[in-house]
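Asker: I have a structure here, written as structure tokens, and I will follow up with some questions on it.
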Amino acid sequence: MSLLSVLKFITSHPINENQKIRSMTRFVRWQVSSRLAPGAIVFDWIDGARFLVRTGETGLTGNIYTGLHEFQDMGYLLHVLREDDVFIDIGANVGSYTILACAARAARGYAFEPIPSTFLRLTENIRLNGIGAKVAAFNVGLAQEEGTLFFTSDLDTVNHALAKDEVAPGSVSVKVMTLDKAVEIDGPTLIKIDVEGFETPVLEGAEQTLRNANVHSVIMELNGSGERYQYDEGKILSMMLAYGFKTYSYNPLRRELISLDGKNLSAGNTLFIRNESFVRERLHNAPQIHVYGKSF
């Protein structure tokens, strides 16, 4: 992403819309401090949650600049989750969503991150927040069956399973398993899936989990990346519909669910919900989020 694109994202973010100068100050302060300080910096985030961040970690630095990098979906998670709910983070990266769910909202969590170096950073953030007893972290990938796959390892937030005939320097062999095999519990309430186009095999290995009535929401990245594997996002939408989910986007400032016809075209993630009345009640009754002087 170019510098101009980054600055546009920061200044147009809903949390920053009335504090553009302050948001630019945060950006400049991070650019300077991250170059002066050796190693990782501890950043105090939301409701006592913290994370370790290094320069170049775009998934975390976006939270420094804006408060909540993926505003719609992170806001939804914070509004809908309750203490001791079960959250599953598939493609956890260094742990932004796991930290929000299990440190800020005291949910229990399962975090799956296939890249060994990234998994190490995830576990550092789990330890930093003292949530090791609440979070089971797995250095595995998820797919439709057990086995091994090769993954890229040096692409930050867009590491992915190699497609057929794809070659990448520094790729790593990773054990994969099914979600149904990994999580044998009464049922999660919220699942986040960010696997850079590999959603179809993940869902095929999660049939039992998705049939569990406790699962009311799935946040899934659908940005066209599945084309590298020749997967059809239309089939994903049909699969989720068959499980009883409908598609939405969410406005955290108004606590408003917006019904969609298909995937979310204005953002990378699509929100899948069933048991809508239950979810709406939770959103309505959730405590306010306070970040960078904004409450919602």
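Rule-based calculations on the coordinates, nothing more; no lab input. It should be emphasised that the depicted structure is a prediction, and the values quoted were computed from it without experimental measurement. Backbone-built Cβ (ideal geometry, glycine too); neighbour counts: all protein chains shown.
Asker: Might you report the magnitude of the Cβ-based charge dipole of the range 37-157 about its Cα centre, with Lys and Arg at +1 and Asp and Glu at -1, to the nearest 20 debye?
Answerer: 340
Asker: Using Cα-Cα distances under 8 Å and only pairs 6 or more residues apart, what relative contact order does the chain have, in percent?
Answerer: Computed over the chain, the figure is 15 percent.
Asker: One-quarter of the Cα convex hull surface for the range 29-132, in nm²?
Answerer: 6.2
Asker: Then there is this: Averaged over all directions, how much area does the convex hull of the C-alpha atoms of the chain cover when projected, in nm²?
Answerer: Over every viewing direction, the Cα hull of the chain projects on average to 14.7 nm².
Asker: Continuing with the same structure: Exposed loop trypsin sites (Lys or Arg not before Pro) only (DSSP loop, at most 11 other Cβ atoms within 10 Å): please give the longest stretch of the chain free of them, not including the sites.
Answerer: Of all site-free stretches, the longest is 1-163.
Asker: Right, something else. Over the range 1-68, what is the relative contact order in whole percent, taking alpha-carbon pairs under 8 Å and six or more residues apart?
Answerer: Taking the mean separation of contacting Cα pairs over the length of the range 1-68, I get 30 percent.
Asker: While we're on this one: Using a Förster radius of 51 Å, what is the FRET efficiency between residue 288 and residue 144 based on their Cβ-Cβ separation? Nearest 0.05, please.
Answerer: FRET efficiency, residue 288 to residue 144: 0.80.
Asker: Put a dot 7 Å past each Cα toward the Cβ at residue 246 and residue 276; how far apart are the dots in nm?
Answerer: Roughly 0.2 nm, to one decimal.
Asker: On to the next question. With Kirkwood's inverse mean 1/r over C-alpha pairs for Rh, give me the Rg to Rh ratio of the range 121-246, two decimals please.
Answerer: Ratio of gyration radius to Kirkwood radius for the range 121-246: 0.96.
Asker: Taking springs between alpha-carbon atoms closer than 10 angstrom, which of 277, 217, 12 fluctuates most in the Gaussian network model of the chain?
Answerer: 277
Asker: How many angstrom separate the Cα center of the range 28-59 from the Cα center of the range 92-158?
Answerer: 19
Asker: Follow-up question, since we're still on this one. Kindly provide log₁₀ I(q)/I(0) values, in the same order as q = 0.19, 0.25 Å⁻¹, from the Debye equation applied to equal alpha-carbon scatterers of the range 1-68.
Answerer: -0.75, -1.22
Asker: Related question: For the range 155-205, what number results from the quotient of the Cα radius of gyration and 2.2 N^0.38 Å?
Answerer: So the range 155-205 has a normalised radius of gyration of 1.35.
Asker: Related question: Can you compute the charge dipole magnitude of the chain about its Cα centre, using +1 on each Lys and Arg Cβ and -1 on each Asp and Glu Cβ, nothing else charged? Give it in debye, rounded to the nearest 20.
Answerer: 1180
Asker: Around residue 113, what is the net charge, scoring Lys/Arg as +1 and Asp/Glu as -1 over all other residues with Cβ under 13 Å from its Cβ?
Answerer: Local charge sum for residue 113: -2.
Asker: Can you give the charge dipole size of the range 109-219 about its Cα centre, rounded to the nearest 20 debye, using +1 on the beta carbon of Lys and Arg and -1 on the beta carbon of Asp and Glu?
Answerer: That gives a dipole near 400 debye.
Asker: Taking GluC sites (Glu not before Pro) that fall in a DSSP loop and have at most 16 other Cβ atoms within 10 Å as cut points, what is the longest piece of the chain between them?
Answerer: The answer is 185-296.
Asker: For the range 101-123, list residues with backbone N below 20 Å from a point placed 7 Å from the Cα of residue 41 toward its Cβ?
Answerer: Flagged as within label range: 121-122.
Asker: With both bridge residues required to lie in the chain, what share of the DSSP beta bridges run antiparallel, to the nearest 5%?
Answerer: 55
Asker: For the chain, build the charge dipole from Cβ charges (+1 Lys, Arg; -1 Asp, Glu) around the Cα centre, then report which of 286, 110, 77 sits farthest towards its positive end.
Answerer: Projecting each Cα onto the dipole axis, the largest value belongs to 286.
Asker: Another question about this same structure. Thinking of the range 198-278 as a set of Cα atoms, what percent of all their pairs are more than 22 Å apart?
Answerer: 22
Asker: Between residue 124 and residue 83, what is the FRET efficiency for a Förster distance of 30 Å, r being their Cβ-Cβ separation, to the nearest 0.05?
Answerer: The pair residue 124/residue 83 has a calculated efficiency of 0.80.
Asker: Pick from 133, 286, 163: which residue has the top mean-square fluctuation in a GNM of the chain where Cα pairs under 10 Å get a spring?
Answerer: Maximum among the listed residues: 133.
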